[in-house]
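The values are calculated or read from the model by the stated rules, or taken from the named source; none is laboratory data. Keep in mind the model is a prediction, meaning the values are calculated, not measured. Counting neighbours? That spans all protein chains shown, and the Cβs are built from the backbone with ideal geometry, glycine included.
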Amino acid sequence: TQCSVFSLLALETIVMAGIHSIMFWKKMFSETLRGARVLVTGASTGIGEQMAYHYARFGAQLVITARREKVLQQVVEKCLSLGAQKALYIAGDMATESDPDKVVEFTLEKLGGLDYLVLNHIGPTPFSVWKGDIEHTRWLMKVM
Ligand SMILES: NC(=O)c1ccc[n+]([C@@H]2O[C@H](COP(=O)([O-])OP(=O)(O)OC[C@H]3O[C@@H](n4cnc5c(N)ncnc54)[C@H](OP(=O)(O)O)[C@@H]3O)[C@@H](O)[C@H]2O)c1
């Protein structure tokens, strides 16, 4: 019985230490990201959209970008409703020469600087054996 009491105490200590470390990291992240200036690319859908929402929940200042303006508008509205200090979008095509620069300049001007850059945009890549489509691969390299 003495042995099982010690096991219970050890288990309780481990659980409490786990809970405290989760709370510590959560607090640290929320304090670090509140007001942080963040640019997320490829933020109209998928992983980029969800990352934008996470930064928004922490109270960051966001600029999001992708090609589809209408969808970006909706993501910006949701970011604001989730608690973003600021949420702006700029539509742009990363496969062009000028749009990447425009996006960065817009961000620096509107946020007054940049703390986090999340490069997430990607063109469609079919999961299959490569069939020698050089044009598509060349285009993808430009997007990235
Ligand atoms: N999903 C997965 O299982 C997985 C696994 C491992 C790694 N990843 C990586 O995670 C990233 C996001 O994946 P995802 O599944 O979230 O992809 P996704 O849903 O297809 O989203 C891609 C994003 O990139 C944007 N985009 C595409 N082409 C663009 C261009 N030319 N210029 C600007 N923006 C462009 C799209 O918006 P618009 O169409 O509006 O431009 C969209 O917002 C990718 O880098 C992917 O390789 C994903």
- Message: Of the conditions (1) within 15 Å of the ligand (Cβ to nearest atom); (2) of a type in the set (A, V, I, L, M); (3) in a helix (DSSP H, G or I), Met16 satisfies every one except a single condition; which number is it?
- Response: (1)
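Looking only at region 30-47, which residues are more than 10 Å from the ligand (Cβ to nearest atom) and among the aliphatic types (A, V, I, L, M)? Steps first, answer last, please.
The initial filter retains those residues of region 30-47 that are more than 10 Å from the ligand (Cβ to nearest atom), namely 30-39.
Across region 30-47, the qualifying residues are Leu33, Ala36, Val38, Leu39.
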- Message: Of all residues being crowded, with 21+ Cβ neighbours inside 10 Å and of a type in the set (A, V, I, L, M) in region 77-92, which is nearest to Ala43 (Cα to Cα)? Just the residue, please.
- Response: Ala87
- Would you point out which residue out of Ala56, Ala95 is of a type in the set (A, V, I, L, M, F, W, C) and away from the ligand (no atom under 15 Å from the Cβ)? Ala56
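Residue-wise test of (1) at pLDDT 90 or above; (2) away from the ligand (no atom under 13 Å from the Cβ); (3) touching an Asp or Glu at 6+ places or on another chain (Cβ under 9 Å).
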| residue | (1), (2), (3) |
| --- | --- |
| Glu12 | no, yes, no |
| Met23 | no, yes, no |
| Met28 | no, yes, no |
| Glu49 | yes, no, no |
| Ala87 | yes, yes, yes |
- With a cut-off of at least 3 residues that are touching a residue at least 60 places away in the same chain (Cβ under 8 Å), name the helices (runs of 4 or more DSSP H) lying wholly within region 45-144. 46-57, 99-111
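Specify which of the listed residues (Lys110, Lys131) is more than 11 Å from the chain's Cα centre (by Cα), at pLDDT 95 or above, basic (Lys, Arg) and not assigned by TED's automatic domain parsing to the domain that holds Lys27.
Exactly one residue qualifies, and that residue is Lys110.
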